[in-house]
Amino acid sequence: MKIAIVCYPTFGGSGVVATELGIALAKLDHEVHFITYKQPVRLNLLNPNIHFHEVNVPTYPLFHYQPYELALSSKLVDTIKKYEIDVLHVHYAIPHAYAGYMAKKMLEEEGIHIPMVTTLHGTDITLVGNHPFYKPAVTFSINNSDIVTSVSQNLKEDTLRLFDITKNIEVVPNFIDLSQKKTSFTDCQRELMASPEERIVTHISNFRAVKRISDIVDIFYNIQKEIPAKLLMVGEGPERKPAEKKCKELGIKDKVIFLGNSNEIDKILCFSDLFLLPSERESFGLAALEAMMNKVPVISSNAGGIPEVNSQGVSGYLSKVGDVKEMSENAIRILKDDITLEIFKQNAYKEAEKFDVNTIVPKYIALYEGALAIP
Ligand code: GMT
């Protein structure tokens with residue numbers, strides 16, 4: 001099959017899922033065309049089945065806002081025609097489903113039929129898409145997609161509750177590729193980050209308010225009072241500076257390392273003992289799954305779809321959003337002795353196995369085949 005994928009190319013779960021999906025499809029001999037404004041961060045173009053088409057938006061003094069959707073839909077029309085694409089898969093409704101629909105309609109005028117699959121990832125529904133300024137356009141583009149998927153059952157329910165949806169929504173969870181683990185579990189250079197007696201606690205995100213970064217600092221503050229520990233903060237975003245300030249005020253600055261954005265997530269997770277994800281909202285929690293795949297147990301909130309990933313008392317613990325006290329107690333419970341920690345580490349990996357690429361990607365392929373059959 002020839003598949004065009006539209007996604008955000010930056011550090012963010014939806015872009016990562018779209019990229020990993022494209023890579024997995026290419027390995028299965030499908031021809032994959034990424035269409036976006038920058039090469040996706042995790043995309044390696046060395047596979048001959050993978051192509052990248054950059055969307056350029058020329059600036060013009062009259063435009064206060066550059067019309068990205070317009071440029072994207074034009075690029076889609078050109079690419080779909082030139083490479084005779086079979087299926088268009090857009091990730092994140094805003095504005096990709098809208099631009100995809102416009103491309104579909106333009107192609108229809110030329111007698112070309114292109115089925116469109118839209119994957120809803122989370123904030124495109126729960127935070128941004130639901131805003132009255134966007135809602136009519138988002139509803140329209142979901143209802144006019146040929147196939148709609150959501151990354152968790154919880155996100156499906158949110159979508160049906162928040163929007164007037166006439167389409168069936170298929171749940172296809174996020175996935176990981178266990179065979180691609182770049183570092184072996186015995187090859188972790190944890191001494192680079194901490195001394196042997198210290199536990200390593202990690203958080204990875206784009207540091208937006210929805211991630212409750214301040215809770216992470218509070219939880220770690222409580223942990224380090226009981227257990228020698230370091231906190232690794234990986235990612236960039238608006239909450240990074242306030243978090244750095246808070247660490248200074250709490251006197252834990254030397255125990256917290258802000259690493260910024262990283263392409264070495266596997267290496268970092270390899271020497272991590274615990275992952276924190278106390279998010280306000282989280283449709284799935286890909287970062288938690290990536291931690292689990294690296295045998296890192298998870299202390300999280302029970303927001304959104306996280307309970308579909310992190311299993312209570314097995315791969316970690318879940319608490320109500322903002323319950324820093326309980327999250328800290330559970331973190332200490334996991335970290336306090338080597339035997340308990342090892343049990344949680346093994347369990348985390350076992351739970352992650354449920355989301356292996358070989359189980360999940362065939363679901364997308366089956367949906368593409370279904371989309372192709374739609375007249
Ligand atoms: O939350 C992020 O950091 C990025 C965001 C995105 O839209 O790119 O991630 C969303 O999509 C991921 C992939 O499907 C999910 O695993 C995340 O849970 C979801 N984030 C939220 O719902 C806040």
>> Filter segment 113-157 down to the residues that are among the acidic types (Asp, Glu) and within 14 Å of the ligand (Cβ to nearest atom) and list them by number.
In response: 124, 157
> Given the conditions (1) touching a residue at least 40 places away in the same chain (Cβ under 8 Å); (2) of a type in the set (Val, Ile, Thr); (3) closer than 18 Å to residue 209 by Cα; (4) buried (at least 23 other Cβ atoms within 10 Å of the Cβ), which single one is not true for residue 306?
Replying inline: (1)
>> Condition first: away from the ligand (no atom under 16 Å from the Cβ), assigned to a helix (DSSP H, G or I) and crowded, with 20+ Cβ neighbours inside 10 Å. Can you find one or more residues in segment 348-361 that meet it?
In response: yes
> Of all the residues that make up segment 92-129, how many are crowded, with 19+ Cβ neighbours inside 10 Å, assigned to a loop (DSSP other than H, G, I, E, B) and under 20 Å from the mean Cα position of the chain (by Cα)?
Replying inline: 4
>> List the residue pairs whose Cβ atoms are under 8 Å apart, where the first residue sits in segment 1-26 and is closer than 14 Å to residue 205 by Cα, the second is crowded, with 24+ Cβ neighbours inside 10 Å and hydrophobic (A, V, I, L, M, F, W, C), and the two are 6 or more positions apart or on different chains.
In response: 13/284; 13/286; 13/287; 14/7; 15/7; 16/286
> Which of the residues belonging to segment 87-123 are β-branched (Val, Ile, Thr) and more than 21 Å from residue 1 (Cβ to Cβ)?
Replying inline: 94, 123
> When you scan segment 280-336, how many residues do you find that are among the charged types (D, E, K, R), within 16 Å of the ligand (Cβ to nearest atom) and more than 20 Å from residue 267 (Cα to Cα)?
Replying inline: 4
>> Being of a type in the set (Lys, Arg) and in contact (Cβ under 8 Å) with a residue 40 or more places away in the chain narrows it down to one residue among 354, 336; which is it?
In response: 336
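Test residue 93 against the stated conditions and say whether it is in contact (Cβ under 8 Å) with a residue 40 or more places away in the chain and among the aliphatic types (A, V, I, L, M). Steps first, please.
Values: in contact (Cβ under 8 Å) with a residue 40 or more places away in the chain: yes; among the aliphatic types (A, V, I, L, M): yes.
In short, yes.
Each row is one residue, and each column tells you yes or no for (1) basic (Lys, Arg); (2) within 16 Å of the ligand (Cβ to nearest atom); (3) farther than 18 Å from residue 81 by Cβ; (4) part of a helix (DSSP H, G or I).
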{"position": "3", "(1), (2), (3), (4)": "no, no, no, no"}
{"position": "15", "(1), (2), (3), (4)": "no, yes, yes, yes"}
{"position": "18", "(1), (2), (3), (4)": "no, yes, yes, yes"}
{"position": "23", "(1), (2), (3), (4)": "no, yes, yes, yes"}
{"position": "26", "(1), (2), (3), (4)": "no, no, yes, yes"}
{"position": "35", "(1), (2), (3), (4)": "no, no, no, no"}
{"position": "38", "(1), (2), (3), (4)": "yes, yes, yes, no"}
{"position": "43", "(1), (2), (3), (4)": "no, yes, yes, no"}
{"position": "46", "(1), (2), (3), (4)": "no, no, yes, no"}
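Is it true that some residue in segment 158-167 is more than 22 Å from residue 262 (Cα to Cα), more than 14 Å from the ligand (Cβ to nearest atom), out of contact with any Leu (no Cβ under 8 Å at 6 or more places or on another chain) and touching a residue at least 40 places away in the same chain (Cβ under 8 Å)?
At the first step, the residues of segment 158-167 found to be more than 22 Å from residue 262 (Cα to Cα) are 158-167.
Right, trim to more than 14 Å from the ligand (Cβ to nearest atom) and you get 160-161, 163-167.
Now restrict to residues that are out of contact with any Leu (no Cβ under 8 Å at 6 or more places or on another chain): 160-161, 163-167.
Now drop any that are not touching a residue at least 40 places away in the same chain (Cβ under 8 Å), which leaves none.
The answer is no, given that none of the residues of segment 158-167 is more than 22 Å from residue 262 (Cα to Cα), more than 14 Å from the ligand (Cβ to nearest atom), out of contact with any Leu (no Cβ under 8 Å at 6 or more places or on another chain) and touching a residue at least 40 places away in the same chain (Cβ under 8 Å).
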> With 48, 61, 67 as the choices, which residue is surrounded by fewer than 18 Cβ atoms within 10 Å (Cβ to Cβ), in contact with a helix residue (DSSP H, G or I) (Cβ under 9 Å, 6 or more places away or on another chain), without any contact (Cβ under 8 Å) to a residue 24 or more places away in the chain and not hydrophobic (A, V, I, L, M, F, W, C)?
Replying inline: 48
>> Looking only at strands (runs of 3 or more DSSP E) that lie completely in segment 203-295, which have at least 1 residues being more than 27 Å from residue 178 (Cα to Cα) and outside the structural domain of residue 14 (by TED's automatic domain parsing)?
In response: 229-234, 256-260
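Do we find a residue being within 16 Å of the ligand (Cβ to nearest atom), outside any helix (DSSP H, G or I) and among the aliphatic types (A, V, I, L, M) anywhere in segment 64-85?
Going through segment 64-85, the residues within 16 Å of the ligand (Cβ to nearest atom) turn out to be none.
For segment 64-85, residues within 16 Å of the ligand (Cβ to nearest atom), outside any helix (DSSP H, G or I) and among the aliphatic types (A, V, I, L, M): absent.
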> Mind checking which residues of segment 296-313 are aliphatic (A, V, I, L, M), under 18 Å from residue 356 (Cα atoms) and in a loop (DSSP other than H, G, I, E, B)?
Replying inline: 296, 309
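The values are calculated or read from the model by the stated rules, or taken from the named source; none is laboratory data. Just so it is clear, the structure is predicted and the values come from calculations on it, not from any experiment. Backbone-built Cβ (ideal geometry, glycine too); neighbour counts: all protein chains shown.
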